Amino acid sequence: MKVRYRAAAAIAVLAMAAAACGGGGGEAKKPSAEQSQQAQQQMAQTPAIDINAVPYDQVKDGGTVTLAIGQWPTQWNGYHVDGNQADTATMLDPIMPQLMMADSEAVFTPNPDYVTDVKNETVDGKQVVTYTINDKATWSDGEPITWKDLEAQWKTNSGENKAFKAASTDGWDKIESVKQGDSEKVAVITFSKPYPEWQGMFNRGTSHLFPAKYVSTPDGYDNSYKQKIPATAGPFKVESIDEGTKTLTLVRDDKWWGKKAKLDKVIYRAIPDPSAEVNAFANGELDAAYIEAGNPAGLQQAKKVPDAVIRKALSPNWRHITVNNQSEFLKDKSVRQAIQYAINRDVITQSDLKDMEWPLQTLGNHVFMNNHKGYVDNSGDLGKYNPEKAKQLLDAAGWKLEGEYRKKDGKELNLDFVIPSDTPTAKTESELSQAMLKEVGVNLTIRPVPVDKFFNDFVIKGDFDLVPFSWIGTPLPIGSLAQIYKSGSESNFPKASDPQVDAAIQAAVDETDPAKAIELANAADKLIWDMVHTIPLYQRPDIWACKKTLANYGARGYQYYDWTAIGFTA
């Protein structure tokens, strides 16, 4: 899973949120049966993909597409914990290899530009995946793409060498060996244990393939792709990286061996403020704009732009609040559970999604989205807003009310809610949480931090009590269990640790029967709810405003983009 934290801007939401706070959430009601039924109907009517699919030969040749991203990266190595961000993956898509591609139904097939054959077999009782690499596949520095690149990806991300700060070791830690087959263009991967989600390797599900020569050592892993991109292999190549304006410009790569890209150029501009992104789209500066949750004004503004369309689809992405299991006041699980009971998830969900023309459904699962066949609401009693239960737990933990707030051993129960500055939806979420927690005697301090430092300097380092952001999922959700929730993972940002949870996760990721794996993943999810690692809010909207003529781009759902076919129809 990739992370994304950018929240939306909308004055209307801020005004509404203040009214919704009331007594901190006590006046808010759970969605009625009628509202829940309406949300289910909306969910059923929302398509799996909406990109204006146009056949390659009907897309005109030439043109430039200009797009926005929220955070400008310092680390372009997508496997690195500092590079595991959705915006970074988005910009790598046109320039780096993906060996397997997912469609709108989350079905993977080999990408013929990079592999001519992929076999998944059982040999001597072990799972063996053999990739036959396209003979023409070559890095931009002239080096051929070979089995050694796949071997390097395994060795650097397996978790065996802690000097490599891998965002996730899931799957990589099950590989026994990566060896050369009949030639350097054949990679034979043998797993020590079966890995059902192997198709998510070597693509944006984990990260794109990177050249071994640049990432095989800890120093190279950390620094070769830090603020630079030394080698690529895609239909586009890097023309320039402008750190001053935070702009990445890509142009067609004349050495590309696949179908010629329709576009001449792709430009990515960093625009941290989502309302500014919509304004840029309305002014004709962008060809598409993502409409964040909590930005109904932006949605309405985009709908009025001449020759523009709104594209929306269901996607595996979700909004949440992460709860630091290792911070001074939250080490006690009963205190974390009190915080969970005190936060009205329905109020925050309705605040963020109001007037977004999106289903108002609170999420009850850390693994599967509302529309996934494996979805079960595992939130149980903990998922319900219950301030009285929160007070009882805090009393039992020794946190007694003294005036407005609770104290224990002379210390006030004061938590901080870290948010990226200039992101009004995160601000609204923090203000709502602040009012709700005040009702049970918990003082919540809102701490805005610089947008470009929010993730690397605060979330990854654990410098927070509570923090809101989004996880950008993949077509293979069970793999995220180990990445996000297992003890010791670099992406387990709250540093939660429970042997029972780890065992349940391991059982789920080891299971080869799909139905049984879903059952085991849901069993693990129940334990994660009890641990209070993360407070799920809602399945994140995938809403785009696009020029009508923009083809094969927009709300992609589970599908990966084909950057050779993206372009314009007129």
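Every number here is computed from the coordinates shown, using simple stated rules; none is lab data. Quick caveat: nothing in here was measured; it's all calculated off a predicted structure. Note that each Cβ is placed from the backbone with ideal geometry, even for glycine, and that neighbours are counted across all protein chains shown.
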Can you tell me how much longer the chain between residue 326 and residue 179 gets when fully stretched, taken as 0.36 nm per residue apart minus their C-alpha distance, in nm with one decimal?
48.8 nm
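Ranking 362, 549 by Cβ neighbours within 10 Å, fewest first, what do you get?
Listing 362, 549 from fewest to most nearby Cβ atoms yields 549, 362.
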Full extension between residue 58 and residue 276 adds, at 0.36 nm per residue less the Cα distance, a length in nm of 75.2 nm
Of the cross-linked pairs 391/526; 185/260; 226/461; 165/391; 60/312; 389/461, which ones have a Cα-Cα span greater than 29 Å in the structure shown?
165/391; 389/461
State the extension gain, in nm to one decimal, for the chain segment bounded by residue 402 and residue 381, taking 0.36 nm per residue of separation less the distance between their alpha-carbons.
4.8 nm
Report the charge-dipole magnitude of the chain in Debye, nearest 20, computed about the Cα centre from +1 at each Lys and Arg Cβ and -1 at each Asp and Glu Cβ.
500 debye
In whole angstrom, and with the biggest value first, how far do the Cα coordinates of the stretch 316-539 range along each principal axis?
55, 39, 33
Distance in nm between pseudo-label sites at residue 461 and residue 445 (7 Å out along the Cβ direction from Cα)
1.6 nm
Decide, for the stretch 447-570, between rounded, prolate and oblate: order the square roots of the alpha carbon gyration tensor eigenvalues as a ≥ b ≥ c, take rounded if a/c falls under 1.5, and otherwise choose prolate if a/b is larger than b/c, else oblate.
oblate
Cα long-axis angle, helix 387-396 against the chain (0 to 90 degrees, to the nearest 10)
80 degrees
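Take each of the peptides 110-121, 350-361, 202-213, average the number of other beta-carbon atoms within 10 Å over its residues, and list them starting from the highest.
Listed from highest to lowest mean packing, they are 202-213, 350-361, 110-121.
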Ignoring everything except DSSP H segments at least 4 long, calculate the 222 nm mean residue ellipticity for the chain; use -39,500 (n - 2.57) per segment, divide by total residues, nearest 500.
-7500 deg cm²/dmol
Pop the C-beta distance of residue 245 and residue 414 into the FRET formula with R0 = 41 Å and round what comes out to the nearest 0.05.
0.55
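For residue 568, what is the net charge nearby, where nearby means another residue's Cβ is under 13 Å from its Cβ and Lys, Arg count +1, Asp, Glu -1?
+1
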